[in-house]
Amino acid sequence: MLTAVIAAAGSGERLGAGGPKAFVPLAGRPMIEWSLDAFAGCESVAAIVVAVPPSLADASSPRLPDVRQVGPGDGVTTLVAGGATRAQSVSNALAEVETELVAIHDAARPLVTSELIEALVADLEANPDVAAVIAAAPVTDTVKRAAPKSSGIFDRAGRQNLHLVEETVDRSVLWAAQTPQVFRTAALRAALEVDEATRDAATDEAMLVETAGGTVLLREVTEPNLKVTTPEDLKVAELLLSERAY
Ligand code: CTP
Ligand code: MG
């Protein structure tokens with residue numbers, strides 16, 4: 001069985017909605033509820049742990065949408081206080097996990113589906129030697145490697161916006177990692193046993209598992225699974241969710 005850990009403790013600065021991003025209204029409901037629904041709709045999900053901003057972790061908080069009622073029917077959705085970094089939020093939630101498998105997911109990816117989650121779980125179960133299976137999309141832009149940003153050239157407006165191209169990278173082997181990422185819980189816990197700076201510098205959990213020597217598979221995602229970062233992303237997500245047939 002699987003526990004879903006949902007990272008929802010970010011402040012959403014780039015979205016600039018005036019409140020935590022995971023609770024911003026999106027197609028008629030708080031953003032996090034779309035992810036909660038997707039996990040709650042999975043046979044394999046036994047529990048959901050949500051890392052929320054510390055001010056919302058108190059069950060009596062009036063600003064808290066009732067996430068407990070969106071989770072699986074037996075009421076096993078729990079809230080934990082998130083930390084200063086995403087990695088800390090995930091670690092806090094992982095402390096509550098009791099199942100052999102765990103899915104880490106960002107509330108900022110509200111387009112996730114039950115089908116994708118179940119596929120990742122089935123992939124991991126079918127590959128006993130693998131530590132994790134993650135959602136990923138092929139990179140579609142032509143990718144350039146450039147000199148470090150700090151050595152950028154000033155443009156006419158006085159901004160350091162010009163960067164020297166060093167090479168064009170072969171994009172046919174490049175993938176953009178997303179969430180959900182499904183792990184053997186023991187492998188993820190072991191991979192997180194690194195110093196805080198290394199843990200916080202990791203931009204996803206799979207990276208830490210890779211560093212620890214674990215085998216990671218990626219599953220190609222064909223449906224949109226965008227990450228809501230800016231107000232423009234929110235508009236696109238709103239359009240895609242409102243067009244979904246239920
Ligand atoms: N997150 C978290 N705890 C943190 C920081 C981020 O749980 N201390 C979560 C966010 O809630 C989000 C996911 O990690 O679901 C990805 O982070 P990001 O998209 O950067 O969200 P924010 O940090 O909220 O946005 P911003 O960086 O613009 O402030
Ligand atoms: Mg952030």
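For this structure, a couple of remarks:
- Filter pass, Thr198 being among the hydroxyl-bearing types (Ser, Thr, Tyr), open to solvent by 80 Å² or more (accessible area, probe 1.4 Å) and more than 20 Å from Ala122 (Cβ to Cβ): no
- In the stretch 33-53, the residues that are assigned to a loop (DSSP other than H, G, I, E, B) and more than 14 Å from ligand 1 (Cβ to nearest atom): Gly41, Cys42, Glu43, Ser44
- Test: Met1 is of a type in the set (A, V, I, L, M, F, W, C) and in contact with a Lys or Arg (Cβ under 8 Å, 6 or more places away or on another chain): no
- Being in contact with a Lys or Arg (Cβ under 9 Å, 6 or more places away or on another chain), in a strand (DSSP E or B) and open to solvent by 20 Å² or more (accessible area, probe 1.4 Å) is a description that applies to Leu79.
- Pairs are defined by a Cβ separation below 6 Å, a sequence spacing of at least 6 or placement on different chains, a first member in the stretch 190-206 that is touching a residue at least 12 places away in the same chain (Cβ under 8 Å), and a second member that is open to solvent by less than 60 Å² (accessible area, probe 1.4 Å) and not aliphatic (A, V, I, L, M); the pairs so defined are Asp200/Thr85; Glu205/Gln181; Ala206/Gln181.
- Selection of the stretch 217-245 for residues being over 30 Å from Asp129 (Cβ atoms), more than 16 Å from the chain's Cα centre (by Cα) and away from ligand 2 (no atom under 16 Å from the Cβ) yields Glu232, Lys235, Val236, Glu238, Leu239, Leu240, Leu241, Ser242, Glu243, Arg244, Ala245.
- Every residue from the stretch 1-17 that is open to solvent by 30 Å² or more (accessible area, probe 1.4 Å) and more than 16 Å from ligand 2 (Cβ to nearest atom): Met1
- Close contacts from the stretch 106-121, counting a first residue that is of a type in the set (Asp, Glu) and a second that is within 13 Å of ligand 1 (Cβ to nearest atom), with Cβ to Cβ under 7 Å and a gap of 6+ residues or different chains, come to Asp106/Ala7; Asp106/Thr179; Asp106/Lys227.
- Number of the exception - Gln88 against (1) within 16 Å of ligand 1 (Cβ to nearest atom); (2) surrounded by fewer than 23 Cβ atoms within 10 Å (Cβ to Cβ); (3) part of a loop (DSSP other than H, G, I, E, B): (3)
- Qualifying positions in the stretch 206-230 - within 23 Å of Ile32 (Cα to Cα) and assigned to a loop (DSSP other than H, G, I, E, B): Val221, Thr222, Glu223, Pro224, Asn225, Leu226, Lys227, Val228, Thr229, Thr230
- Arg189 being within 22 Å of Ala122 (Cβ to Cβ), open to solvent by 30 Å² or more (accessible area, probe 1.4 Å), among the basic types (Lys, Arg) and out of contact with any Pro (no Cβ under 9 Å at 6 or more places or on another chain): no
- On the stretch given as the stretch 1-32, residues that are more than 12 Å from ligand 1 (Cβ to nearest atom), in contact with a strand residue (DSSP E or B) (Cβ under 8 Å, 6 or more places away or on another chain) and assigned to a strand (DSSP E or B) total 3.
- The stretch 228-246, residues that are at pLDDT 95 or above and out of contact with any helix residue (DSSP H, G or I) (no Cβ under 7 Å at 6 or more places or on another chain): Thr229, Thr230, Pro231, Glu232, Asp233, Leu234, Lys235, Val236, Ala237, Glu238, Leu239, Leu240
- Exclusive hit being of a type in the set (A, V, I, L, M, F, W, C) and touching a Leu at 6+ places or on another chain (Cβ under 6 Å), set Leu188, Leu174, Leu164, Leu101: Leu101
- Test for Lys235: is it more than 23 Å from Leu101 (Cα to Cα) and touching a residue at least 40 places away in the same chain (Cβ under 8 Å): no
The values are calculated or read from the model by the stated rules, or taken from the named source; none is laboratory data. The model shown is predicted, which means the values in this text are computed figures rather than measured ones. Positions of Cβ are backbone-derived with ideal geometry, glycine not excepted, and every protein chain shown enters the neighbour counts. The protein model used for the area step is the full one, side chains on, heavy atoms only, and it has no ligands, DNA or RNA in it. Shrake-Rupley method; radii C 1.70, N 1.55, O 1.52, S 1.80 Å.
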